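In what follows, a structure is listed as structure tokens, so that the remarks can point back to it.
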Amino acid sequence: MTAEITHPQHDINSPENLARRERGLEIARTVDGEAAQAVIDSLADISPALGHHIAAFGFGDVYARPDLDARSRQLVTIGVLTALGGCEPQLRIH
């Protein structure tokens, strides 16, 4: 038995979610060059939905917020990753 999609956000192939993902990928390219795309591509076999949500939510929704400029957002990201510890791969990207 497979789970039925009960909420539109779970349908990663809906037009709205595909647009969020594309917007996220555009933002990711400006922030991380091709590194973000490489991370998302590396998840294709493991969990395509996770790759989608990293692009759509992480970049398309969160990074797209207008409240912080790109430089400040990167400084906050680097600070949080440093404080968490064990995030060296993510720090290399940012």
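The values are calculated or read from the model by the stated rules, or taken from the named source; none is laboratory data. Predicted model only: the values in this text are computed from it and were never measured. Counting neighbours? That spans all protein chains shown, and the Cβs are built from the backbone with ideal geometry, glycine included. Ligands, DNA and RNA are excluded from the accessible area calculation, which covers all protein heavy atoms including side chains. Shrake-Rupley method; radii C 1.70, N 1.55, O 1.52, S 1.80 Å.
Observations
- Percent RCO, i.e. relative contact order, over the chain, from Cα pairs under 8 Å lying at least 6 residues apart: 29 percent
- Gained length - residue 74 relative to residue 50, 0.36 nm times residue gap less alpha-carbon distance: 6.5 nm
- Added length on full extension, which subtracts the Cα-Cα distance from 0.36 nm per residue, residue 43 to residue 82: 11.7 nm
- Relative frequency of Cα-Cα separations exceeding 21 Å in the chain, percent: 36 percent
- Remark on segment 43-94: Rg and Dmax equal 12.5, 35 Å (Cα only).
- The mean accessible area for residues of the chain, using a 1.4 Å probe and ignoring ligands and nucleic acids, is 68 Å² per residue.
- A Förster distance of 22 Å, applied to the separation of the beta-carbon atoms of residue 92 and residue 18, puts the FRET efficiency at 0.15.
- The region of the chain that goes longest without hitting one of the GluC sites (Glu not before Pro) in a DSSP loop, each with at most 13 other Cβ atoms within 10 Å, is 35-94.
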